[in-house]
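Nothing in this text is a laboratory measurement; each read-out follows from the coordinates by a stated rule. The structure displayed is predicted, hence computed values, not measured ones. All Cβ positions, even for glycine, are placed from backbone atoms using ideal geometry, and neighbour counts span all protein chains on display.
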């Protein structure tokens, strides 16, 4: 994987790309173009490392500030099937507070929230949270891999401000804050999810995200450049 700089004068203008593996029942590998920011975490699982690449970035879609997430998770061997859940939390306190979750064995994404340090609830769980599901699934390799693959890819998005006052963080308020990535694993064949209490929080790593909305950033740079040109003239 890597990136290229589209505008040589602005090092933040990156187009990240990733060439995926060919999975079961798939005739060709995918060339996936991701968001410009990325993190990489490796977790030790069943005598090998599980590599997790998290691509993310804010952009404007349909006039609304939208954060996109893509996760590529794989094992560097083909004889162990990857059965995992993953989650991206918008807070450092613990991995289940307000988060986007996914499962490699069913291809689903989840809008999650937990009130206490426990496995999270679905955001639209009327008993525990009573909010709405604001996560949009974009892509998943599950349609290729089904239950037999050492590799998984998923893509999703959510608005910066979902207006869901019960369960959702406002992402722009996370400037200077943390996102955290968590993962849980099972050696069995039954699909696991972030809501499974016995698989919760196996590994957690955090980073300070870039929550800039790219088009807003580009507009500021453009108008500042015009101002400076006019001032200099």
(request) In nm, give the distance between the simple-model label positions of residue 64 and residue 78, each being 7 Å from the Cα along the Cα-to-Cβ direction. (result) 4.2
(message) For a Förster distance of 35 Å, can you work out the FRET efficiency between the beta-carbons of residue 207 and residue 47, rounded to the nearest 0.05?
(response) 0.85
(request) Quote the relative contact order of the range 135-210 in percent (integer), defining contacts as alpha-carbon pairs under 8 Å separated by 6+ residues. (result) 24
(request) Using packing as a proxy for protection, rank 181-189, 53-61 so that the peptide with the highest average count of other Cβ atoms within 10 Å comes first. (result) 53-61, 181-189
(message) Modelling each spin label as a point 7 Å along the Cα-to-Cβ direction, I'd like the residue 170/residue 136 distance in nm, to one decimal.
(response) 2.1
